[in-house]
Amino acid sequence: MEIQHDGNIFPCGRGQFNTPLGNSKIQTPEDVWNSKGLKELRLGMLAGKKSDYCSDCYRIESCNGVSPRKQHLKSHQSELALVDETFEDGSLEVFSLKHLGLRFSNTCNIKCNYCDHNFSTSWFKDQRALGIDPKLLVHHQPFETKDGLIDFITRNLAGLESVYIAGGEPLLEKAHLDFLDLLIKEDRCDIQITYNTNLTKITSFGASLCERWKHFDQIVIDASIDSHGERNDYIRYGSKFKDLENNLRELSKYSNIQTRIYCTVSKFNILTLGESILYWLENKLIKENCIIFNVLESPRMYNIQTLSSSQKLQVSENFKALSKHLFQHYEMGGALQLSAKLKELLTFLGVADLSHLEEEFVKRCTTLDSLRGCDWVSVFPELNSIALD
């Protein structure tokens, strides 16, 4: 179950742009467990029907990638007993929360170019300048009271096995510290916690998060890093790559913390992605089997399918050279994994031609630059042909 920063509840985070199954501000997640929408979803899946909630995973699979859906089916074989426990109407008698997705709020200290006010409060100023209705600029929290979240987790702590935490930026949240302290107090440090974080800070309210995390059996940090140097600082505006490097090195000192780079692939970074990967690897910031690609589909003007045919060919050649280098200089298993992910990107790249959106891309970049005092043309010279057109 996924509880979003605005209280909307979904089967998982990948389905967050579909109709919510309920909202934690007006009903308990326990009530949503046997809601009409979730019962229909269970019955549909048991009947082999594809669900809109799983469309992102189907897209990954269509590009020959390994989707979270497939990964969970493989790793959660023990939960197949729930099939026999499902009643004819799709309900389950017992609310058993084993895997929770959670967003504490939309509070965030950076404003990535492809993000917006829904997931980052730092976007509010720019959105006002862009003319958005101020009523839409809302600071979201998933429960009506500040204790609501902790109360919910406390009620369901016994069966909980893993938690996936995203934002906003979750490491900024006082509720996050309260959550960790609860698990430590209740001796539930066996729960695996996975974060999606911008990694700009690994301290919170003056406290070292590593000092909290060292109590846990396994912490997974998916660090949202899209490039290196000034390119990353432009894409993830407000982030400083040097700080990210320092934080990655600090986390590497802890044997119970696994760090991965979670790279959102967009028009901004696709042409220089190979350079960034080699920088990460050669500077020992990450291992080759710990790089995850998140393909950006929206906003569409940032989609890699907007590249021209010649640029797409260039990407293909870059990836071929990179794969060859990986097999020559890195461990075979890691090289195979990363090369397969690069092939998945190439498959997605060729699915559609959105090059007609180039003008929209230029307009959007120019507008944001005027608000932020940036210059996309100088930061991304490989995209200069677009600007000249």
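Pull up all non-local amide H partners of residue 2: gap of 5 or more, or a different chain, and H-to-H distance under 5 Å with H placed in the peptide plane.
Amide H neighbours of residue 2: 10, 12, 101.
Determine the dipole magnitude for the chain: charges of +1 sit on the beta-carbon of Lys and Arg, -1 on that of Asp and Glu, nothing else is charged, the reference point is the Cα centre, and the result goes in debye to the nearest 20.
560 debye
What does the charge count near residue 175 come to, summing +1 for each Lys or Arg and -1 for each Asp or Glu among other residues with Cβ under 14 Å from its Cβ?
Here the count lands on -3.
Any idea which of 385, 218, 46 is furthest toward the positive side of the dipole for the chain, if Lys and Arg beta-carbons carry +1 and Asp and Glu beta-carbons -1?
My answer, from the dipole projection, is 385.
So how much slack lies between residue 144 and residue 157, counting 0.36 nm per residue of separation and subtracting their Cα-Cα distance, in nm?
Between residue 144 and residue 157, full extension yields an extra 2.6 nm.
Mind checking the full-extension length gain between residue 363 and residue 188? Use 0.36 nm per residue of separation minus the Cα-Cα distance, one decimal, nm.
58.0 nm
Between residue 289 and residue 384, take the C-beta separation as r, use R0 = 41 Å, and let me know the FRET efficiency to the nearest 0.05.
So the FRET efficiency works out to roughly 0.75.
Between region 100-127 and region 239-275, what is the separation of their alpha carbon centroids in Å?
Between the Cα centre of region 100-127 and that of region 239-275, the gap is 19 Å.
Give the residue list of trypsin sites (Lys or Arg not before Pro) in region 116-162 that are DSSP loop and have at most 16 other beta-carbon atoms within 10 angstrom.
Those that pass, being in a loop and sparsely packed, are 146.
Just round it to a whole percent: the fraction of Cα-Cα distances in region 18-130 exceeding 25 Å.
Across region 18-130, Cα pairs with separations above 25 Å total 41 percent.
Can you list the HN-Hα couplings for region 196-208, worked out from phi with the Karplus curve (6.51, -1.76, 1.60; θ = phi - 60°), rounded to whole Hz and with x for Gly and Pro?
These are the phi-based 3J(HN,Hα) values: 10, 9, 7, 6, 6, 9, 10, 10, 8, 6, x, 9, 6 Hz.
What is the magnitude of the charge dipole of region 304-389 about its Cα centre, with +1 placed on the Cβ of each Lys and Arg, -1 on the Cβ of each Asp and Glu, and no other charges, expressed in debye to the nearest 20?
Charge dipole of region 304-389: 300 debye, to the nearest 20.
What value does region 2-83 have for Rg/Rh, both radii from Cα atoms and Rh as Kirkwood defines it?
0.97
Taking R0 as 22 Å, what's the FRET efficiency between residue 84 and residue 40 from their Cβ-Cβ distance, rounded to 0.05?
So the FRET efficiency works out to roughly 0.70.
Given only helices, namely DSSP H runs of n ≥ 4 each adding -39500 (n - 2.57), what is the per-residue ellipticity at 222 nm of the chain, to the nearest 500 deg cm²/dmol?
Computed mean residue ellipticity for the chain: -11500 deg cm²/dmol.
Quantify how much of the Cα-Cα distance distribution of region 331-389 extends past 17 Å, in percent.
For region 331-389, the share of Cα pairs beyond 17 Å comes to 59 percent.
Taking the Cβ of residue 190 as the center, what net charge do the other residues with Cβ under 12 Å away carry, scoring Lys and Arg +1 and Asp and Glu -1?
That works out to -3.
For a quick check: with amide H placed at 1.01 Å from N, whose amide H comes under 5 Å from residue 294's, ignoring anything fewer than 5 positions away on the same chain?
Amide H neighbours of residue 294: 263, 264, 265.
Order the peptides 78-91, 4-17 from the highest to the lowest mean number of other Cβ atoms within 10 Å of their residues.
The packing order, highest mean first, is 4-17, 78-91.
At 1.306 mPa s and 10 °C, plugging the Kirkwood radius over alpha-carbon pairs of the chain into Stokes-Einstein gives what diffusion coefficient in µm²/s?
For the chosen part, D equals 71 µm²/s.
Can you list residues whose amide H is under 5 Å from residue 195's amide H, if they're 5+ apart or on another chain and H is modeled 1.01 Å from N?
Sorted by chain and number, the residues that satisfy this are 165, 220, 221, 222.
Using only Cα atoms, tell me the angle between helix 309-329 and the longest principal axis of the chain; keep it within 0 to 90° and round to the nearest 10.
In the chain, helix 309-329 runs at an angle near 70 degrees to the longest axis.
Hey, what angle do you get for helix 273-282 against the long axis of the chain, alpha-carbon based, 0 to 90 degrees rounded to 10?
So the inclination is approximately 70 degrees.
Of the beta bridges DSSP finds with both residues in region 196-282, what % are antiparallel, to the nearest 5?
Counting only bridges with both partners in region 196-282, antiparallel ones make up about 20 percent.
Can you pull the one-decimal nm distance between simple spin-label points at residue 70 and residue 282, each 7 Å off the Cα toward Cβ?
3.2 nm
Rule-based calculations on the coordinates, nothing more; no lab input. In this text the structure is predicted, and so the values were computed from the model without any measurement. A quick note on method: Cβ atoms are made from the backbone with ideal geometry, for glycine too, and the neighbour counts reach across all protein chains shown.
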